[in-house]
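The values are calculated or read from the model by the stated rules, or taken from the named source; none is laboratory data. Keep in mind it's a predicted model, so treat the numbers as computed, not measured. Here the Cβ positions follow ideal geometry from the backbone for every residue, glycine too, while neighbour counts run over all protein chains shown. The accessibility values were calculated without ligands, DNA or RNA, using every heavy atom of the protein model including side chains. Shrake-Rupley method; radii C 1.70, N 1.55, O 1.52, S 1.80 Å.
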Amino acid sequence: MNQQVKPNRRTGFERGSRFQGPVVKAKNQKQTLKRIWEYVSKQRLGLILAVGLVIITTILTLLGPLLIGIIVDNYIIPKDIDGTIYMLLILGAIFVATSVFTWLQTFVMINVSLKTIRTLRLDLFKKLQTLSLRFFDQRSQGDLMSRVTNDIDNLNVALSQSIVQIVSSILTVIGVSISMFVLNWMLAIVTLIIIPLIVWTTKQIIKRSSKNYSERQRDLGELNGYIEESITGAEVITLFGKEQATTKHFNEVNEKLRNSALKAEVVSGFLGPLNNFMNNLGLGLVIGTGAIMAVNGYVTIGVIAAFVTYTRQFFRPINQLSNLLNTFQSAIAGAERVFEIMDEKPEITDQKDAVEKKHFKGEVQFQHVHFGYKKDSPILKDISFTAKAGETIALVGPTGSGKTTIINLLTRFYDVDSGEIKLDGENITHYRISNIRDKVGVVLQDTYLFSGSIMENIRYGRLNATDEEVIQAAKIAHAHSFIKYLPEKYDTKIISGGTNLSQGQRQLLAIARAILEDADLLILDEATSNVDTRTEVQIQKGLHNLMKGRTSFVIAHRLKTIEDADKILVIKQGAIVEQGNHQALLEKKGFYYDLYSRLEVASIDDEAL
């Protein structure tokens, strides 16, 4: 397929509109963490190296306070200057080594995190490529972009800090606890008294902040969706003079995000001050108790000095774990939104026994087909017709009658609710989806061009085509006549979906794509609606050559362009009311005759109908 169909023109869904979804709540944090770990664990070598560096760093960190106590008792109090200097040099070497290993473990963990995020983002993007159009019709493009970028980036920040900190914090707490009990079990118990209070307050704050972080991620997705919509529709906004209204609504959405973000940050912001207060409280208890014990001769000054340092080291990793869990609320909220997409099931899938066919003759049969984009809103009602191989079938009818829907079903962007569509005598579900789309060339009214050169955009129809074949396709489509006058000709860069080209020029490039694709079936969905009458005549000559020997479906508003069609299907309100060739339909003097008589070569619109 040379470009994507946008069925929302007739589905009733508001694609890319200001999507108002339900508040996203954490459904299963344990399951989300498990799935995150499945990705992280793939980087086993990096994780093992990072953990090894953490162990070395933790051991070096624990040696510091021990040496401080020894220096105070054995060198400073006895006034041994030489011994003090020597021990301080050793202590300094330990601090330097600790810094080096800390940097190394951070570097390794960032590398692990980036590789993990790369895999997750790739899997998410692959998943998006498999999902059916109905999925995209019901979601804001900006919200989906937010999941691919912001939500995954939040997870990246958490991962790059979390695993090292978790391992380091756990090892430090265990090591410090053992060291304190070895030095003095009474002071160790005094230090641990404050732990239950820290755990309880952390649990309460995280419980309340989790929902707020989920709401913040939801509101961020909504804001991104509105920004994307506003940028895409900038021309329409300007034409209708709705800049102030757009800015006003943006301010409302932006304020909504500010409020949810403020709630999340305010609630979680209590964690740091509370922990600092409890840390100082624990330190005060240790110093007070140690002073009393020192006066009574139960401990030395060096032990108290070591305990003061150990107390700082003991509470620091606990604070880090608390803050880490707080940070993880945002990451988990984002990860859940990512995995929500990953868990989506494609609506259109291949059957187990689906086959591929090298070439389709092009015989198409619709047999009593019924379909609706929504279950309670049928679009097509008992559609039946046959297109023989090589015939040109024209679809005529007012906007919303179901013409494009027939095309969407033929290309399996959707499956029928009932009835059957056959291609070369077999139900189209018997063929692989990729096989059908490879053999069907489509030119739409709404042309989309990708970033890159004109040459690359035309070659999108067949990636292995040579430059000569691309130029020949452009000539047949009459696109060469304007390309040759561009400053860089076929190397001209296309920006912002083709905004540096006119709508008619974009249409010609889309037609060139379809010509290059050389498909077995051809679909022209109002393919010449955006070009002037003179250019349309030229294009029709090229399309006439392209359509020879191929089954072609043509949707056109100008009836003059389909007079040579082998069969014309007149569709009204989802049903075929007339079918036959141009002359036969005129002789019937029915709906088609009325259209042709009243409009002649003008466009069909709802007012005229």
field: Per-region count, segment 370-389, residues open to solvent by 70 Å² or more (accessible area, probe 1.4 Å) and of a type in the set (A, V, I, L, M, F, W, C)
entry: 0
- line: From the option list Leu60, Leu120, Leu33, Leu53, single residue qualifying as closer than 30 Å to Ile433 by Cβ, touching a residue at least 40 places away in the same chain (Cβ under 8 Å) and of a type in the set (A, V, I, L, M) is Leu120
field: Which numbered condition Ile94 fails, given (1) open to solvent by less than 30 Å² (accessible area, probe 1.4 Å); (2) over 30 Å from Asn156 (Cβ atoms); (3) modelled with pLDDT under 85
entry: (3)
- request: Only residues in segment 564-577 that are among the β-branched types (Val, Ile, Thr) count as the first member; pair them with residues that are at pLDDT 85 or above and not in a strand (DSSP E or B), Cβ under 8 angstrom, at least 6 apart or cross-chain, and list the lot.
  value: Ile571/Ile406
- request: Look at Leu524 and say whether it is under 30 Å from Lys588 (Cβ atoms), at pLDDT 80 or above and not basic (Lys, Arg).
  value: yes
task: Quick one: which helices (runs of 4 or more DSSP H) lie wholly within segment 99-205 and hold at least 2 residues that are surrounded by fewer than 20 Cβ atoms within 10 Å (Cβ to Cβ) and touching an Asp or Glu at 6+ places or on another chain (Cβ under 8 Å)?
output: 133-137, 141-146
- request: Confirm whether Gly590 is within 19 Å of Thr386 (Cα to Cα) and either in contact with a Pro (Cβ under 8 Å, 6 or more places away or on another chain) or at pLDDT below 80 (or both).
  value: no
query: In the list Thr399, Thr404, which residue meets the criterion of being of a type outside the set (D, E, K, R) and open to solvent by 20 Å² or more (accessible area, probe 1.4 Å)?
result: Thr399
task: Considering each of Leu543, Leu501 in turn, give the residue that is modelled with pLDDT under 80, open to solvent by less than 10 Å² (accessible area, probe 1.4 Å) and of a type in the set (A, V, I, L, M, F, W, C).
output: Leu543
message: Can you tell me which residue is most open to solvent (accessible area, probe 1.4 Å) among those in segment 334-350 that are assigned to a helix (DSSP H, G or I) and farther than 14 Å from Arg134 by Cα?
response: Glu340
- request: Please indicate, with yes or no, whether at least one residue in segment 451-464 is of a type outside the set (D, E, K, R), buried (at least 16 other Cβ atoms within 10 Å of the Cβ) and assigned to a loop (DSSP other than H, G, I, E, B).
  value: yes
statement: Across (1) touching a Ser or Thr at 6+ places or on another chain (Cβ under 6 Å); (2) not in a helix (DSSP H, G or I), Tyr448 clears everything bar (1)
task: Go through (1) over 36 Å from the mean Cα position of the chain (by Cα); (2) open to solvent by less than 40 Å² (accessible area, probe 1.4 Å) one by one and return the number of the condition Gln367 breaks.
output: (2)
message: Can you say whether Phe135 is closer than 30 Å to Phe413 by Cα, of a type in the set (Phe, Trp, Tyr) and in contact with a Leu (Cβ under 9 Å, 6 or more places away or on another chain), as far as the supplied structure shows?
response: yes
- prompt: Which ones in segment 227-253 are loosely packed, with under 14 Cβ neighbours inside 10 Å, modelled with pLDDT of 70 or more and either within 22 Å of the chain's Cα centre (by Cα) or of a type in the set (Asp, Glu) (or both)?
  reply: Glu243, Glu252
message: Show the residue pairs meeting these rules: Cβ distance below 7 Å; 6+ apart or different chains; first residue within segment 37-50 and within 19 Å of Leu104 (Cβ to Cβ); second residue assigned to a helix (DSSP H, G or I) and open to solvent by 40 Å² or more (accessible area, probe 1.4 Å).
response: Gln43/Lys115; Gly46/Asn111
- request: Could you list, in sequence order, all residues of segment 463-520 that are under 30 Å from Lys388 (Cβ atoms), among the polar types (S, T, N, Q) and in contact (Cβ under 8 Å) with a residue 40 or more places away in the chain?
  value: Gln507
- request: Residue by residue through segment 424-446, note down the ones that are among the aliphatic types (A, V, I, L, M) and within 22 Å of Leu543 (Cβ to Cβ).
  value: Ile436, Val440, Val442, Val443, Leu444
